[in-house]
Amino acid sequence: MTDFSTIYKLSIIAFIGFIQGCSCSCPVMECWFVQEKPGRGGGLTGATTQEKSLLHIRTDKQSDVTGSQRDPSDIDPNRVYVITDPSANLCHASLNPPRGSIQKPQCEINPFLPQPSSLNWVASLTESALSPVYLQADWFSSSFQGLNQQIGVSTISRAPTGTKEHDVILSITSRTMSAKSRLGEPVTLDCSFWVDPSTPLSESGFAVEWRYQTRGDGRLVLAYDGKLDRLADTHETGAFLDFEALHERGNASLVLEEAKVRHSGTYICTIYLPYLLAQVAMELEIVEPPSLSIHPSPLPLAVPGQTLNLQCEASGFAPLPLELSWEFKGADGKSRSLGSGRMSGHRQAWDGTFSQSSRLDLDTSKLDLGRGGEVTCVAVHAGGTRRASVTLNVIGFSSPSIEDSMAMVGVALVLYGLIKFVSWSFTGSNKADGEDKKEK
C-alpha cells in the first residue's frame, strides 16, 4: 500500500511537471516583420519592408520550444524569435488554431524605440529625465489579432542586443475588438494590461489614455495619470474607468454610461510606462432598428376602382442603410409583394438617428385585392427586420365570393317566404270576408 501511494504521488508530481514544462498550448506563429527602409536624405523616410518571421511563444524561459517542430524553409533563420510571455496572453486559443487550418491569426512585429512622452498625463512617469541602462537593448512592438476577432493583443518586448529571445515587458489585451450596442444601453470596451513585475520600469507608475477616431475626426475621451492619481480635463461626459479594478488587476476598460449614435467609431486604448507605450484599437457600432408606422391607420373602406395612398414612416434608426417594401396578404392567406413604393431621402434627427419613408399607391382595380386583406410595411435593417400592418376592406366589388352568393340566395329565400306568407294571409282574409257577406 505504501509503495502504491508513493508511486501515485510521484505520478502526480511528474504530471504537474509535464504540464508546467509543456508549451503545447502556446502557438508557433507566422508573423510579418515590418520596418522602415533607411531614409534618402533630408530627413525623409523611405518605404517600409516586410519579411516573414516565426515566433515561438512560451510562458517561461525554462521551456525549450525551438526543437518542437521544423521551421518553414521560406523563413530566414534570423527572423525566428522566441517570445517569453509570462502573462500567457499570447497563448489564447484564437491565436493558436489547429494545424492545417485555413484561417490564421494576424500578427505584425516592428522595431520599437523607447522614448519619453510630453503628454500632461504621462510626463510624470519620466520626471527624472534619466534614461536607465535597462533601455539599452533591442525593443520590439507586436500586435496580434485572434480568429474571428476574439482577442486583440499588443506587446512591447525586450531582447538583449543581438539576441533573438524576447521577453514581454508590457502586454495589452481586448476581448471587444468589434462591439455592438443599442441606443441608451451601457457599453464596456474591454482593455486590460500586464506589466512584468521584474522590470524596473514598473516601479514608476503607469498612465491610461482612451481616444476616439472616425472618418478622420478624433478626440480625447479619457486620460488618467496612475502615478499622480489624476484625471486629465476632457469634454467627454458619461465615460469613466473602474479605478479600483485598474490599480488592482490592470483593468483599464472604458465604460460608456449611455450609448449614443456619436459613439460609433474606433476606440484606442493606450497604456504608458516610462519610455514605453502599447495600444490596442477596437470598433464600436451603435445599431438601433427603426420604429414603423403606417398612415392612414386604420384604412378607410375601399370600393373597386378606388386608389388608396399609403405612407410607411421608419424613424429612429441607425446606421444607414434601410430597405423598405410592401406586402399584401389576402383572405386566402397567401402573401405577395407590392414593391418598394416611392422612397424618400433619409433625414437625420438631433440625436443622430435617421428617418425615411415609402409611399404606396394602392389601386384596387389593378391589384386584384378581392375583398381586402392585410397590407404590411417591411423594414430590413442591420438591427433587425421590423413590420407594421393595417387591414384593408373592399366593399361592393363586382365578382362576389361563394359565401356572398350563398348569403344572397338565403336572403332571397327569406324574402320569398315572407312574400308567400303575406300573400297567403291576404288571400285567406279575403275568403273569410266573402263568406261572412254570403251568410248575411
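List of remarks:
- Considering Leu369, Leu360, the condition of being surrounded by 19 or more Cβ atoms within 10 Å (Cβ to Cβ) and assigned to a loop (DSSP other than H, G, I, E, B) is satisfied by Leu369 alone.
- Residues of the stretch 247-271 classified as closer than 23 Å to Pro319 by Cβ and of a type outside the set (Lys, Arg), total: 13
- Search result, residues across the stretch 195-217 that are in contact with a Lys or Arg (Cβ under 6 Å, 6 or more places away or on another chain) and assigned to a strand (DSSP E or B): Tyr212
- All positions within the stretch 131-142 that are open to solvent by 30 Å² or more (accessible area, probe 1.4 Å) and farther than 24 Å from Val208 by Cβ: Val133, Gln136, Asp138
- One residue from Ile109, Ile102, Ile151 being assigned by the TED database to the domain that holds Val195, modelled with pLDDT under 95 and more than 18 Å from Ala207 (Cα to Cα): Ile102
- Residue that is nearest to Tyr81 (Cα to Cα), among those in the stretch 158-192 that are open to solvent by 30 Å² or more (accessible area, probe 1.4 Å) and part of a strand (DSSP E or B): Glu165
- Listing of strands (runs of 3 or more DSSP E) fully contained in the stretch 225-320 that carry 2 or more residues being open to solvent by 10 Å² or more (accessible area, probe 1.4 Å) and among the hydroxyl-bearing types (Ser, Thr, Tyr): 265-273, 291-295, 307-317
- Residue that is nearest to Leu241 (Cα to Cα), among those in the stretch 198-216 that are surrounded by 15 or more Cβ atoms within 10 Å (Cβ to Cβ) and either modelled with pLDDT under 95 or out of contact with any strand residue (DSSP E or B) (no Cβ under 7 Å at 6 or more places or on another chain) (or both): Gly205
- Test: residue in the stretch 125-133 that is over 18 Å from Glu30 (Cβ atoms) and touching a Ser or Thr at 6+ places or on another chain (Cβ under 8 Å): yes
- Which numbered condition Gly333 fails, given (1) on the phi < 0 side of the Ramachandran plot; (2) of a type outside the set (S, T, N, Q); (3) assigned to a loop (DSSP other than H, G, I, E, B): (1)
- Condition met for Gly352 (surrounded by fewer than 20 Cβ atoms within 10 Å (Cβ to Cβ) and either over 30 Å from Glu209 (Cβ atoms) or in the same structural domain as Asp190 (by the TED database) (or both)): no
- Test result for Leu324, closer than 28 Å to Thr353 by Cα and either surrounded by 15 or more Cβ atoms within 10 Å (Cβ to Cβ) or modelled with pLDDT under 95 (or both): yes
- For the stretch 143-157, the candidate set comprises residues that are closer than 19 Å to Thr266 by Cβ and outside any strand (DSSP E or B); within that set, the residue that is most open to solvent (accessible area, probe 1.4 Å) is Asn148.
The values are calculated or read from the model by the stated rules, or taken from the named source; none is laboratory data. Small disclaimer: the values here were computed from a predicted structure and weren't measured. Don't worry about glycine lacking a Cβ; one is built from the backbone with ideal geometry, like all the others, and counts go over all protein chains shown. Just so you know, the surface numbers come from the protein's heavy atoms only, side chains and all, with ligands and any DNA or RNA stripped out. Shrake-Rupley method; radii C 1.70, N 1.55, O 1.52, S 1.80 Å.
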